[in-house]
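What follows is a single structure, written as structure tokens, with notes after it.
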Amino acid sequence: MSKFSAFTLIELLIVIVIIGILAGVILVVLNPAAQQRKSAEAVLQANTNKLCLGLFSCAQTTYDPLKCNDMTKIGGIDPVDSPSTSTYDVSATGNVISVTGTLPAGVGSTVACEFTCAYDIVSGDPQRLTQGAGCIL
């Protein structure tokens, strides 16, 4: 009599469960939504930083907040929706001109991410790019 050798149903189910657990662990570790959010925040940071350089250049050559209070006056092109749904703002309040890049809450994060820089015309003091509390970068 020949002995038939094969996997039992229980053994196959155990292997399937182990593969499922490993796949779940890998998805948690990789977390594609968080990776996309970090990537979007990096683009937001780079775009805001470039606009800040334009602001500092404009402010140091004109010494007039009204000559540096919008995107075209600082020599920038509004990178609207780069990354998707982001906004950029150049504004002047008194003698301080600021640039703000904002990425609203969405995929990968429940709070908005914001990068800001400013320049005080009177003191000539630039405030370097700062990261808001909502960023995961």
Checking T102, T85, T116 against a Gaussian network model of the chain (alpha-carbon springs below 10 Å), the top fluctuating residue turns out to be T85
Between L13 and L66, the two model label points (7 Å from Cα along the beta-carbon direction) sit apart by a distance in nm of 8.0 nm
Subtracting the Cα-Cα distance of Q35 and K50 from 0.36 nm times their residue separation yields 3.1 nm
At 20 °C in a medium of viscosity 1.002 mPa s, the range 33-131 has a Stokes-Einstein diffusion coefficient, with Rh taken as the Kirkwood radius over alpha carbon pairs, in µm² per second, of 158 µm²/s
Between Q131 and L27, the two model label points (7 Å from Cα along the beta-carbon direction) sit apart by a distance in nm of 2.8 nm
Checking L44, L55, L12 against a Gaussian network model of the chain (alpha-carbon springs below 10 Å), the top fluctuating residue turns out to be L12
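Just so you know, all these numbers are worked out from the coordinates, no wet-lab data involved. What you are looking at is a predicted structure, and each value in this text was computed from that prediction instead of being measured. Heads up, the Cβs are rebuilt from the backbone with ideal geometry, glycines too, and the neighbour counts pull from every protein chain shown.
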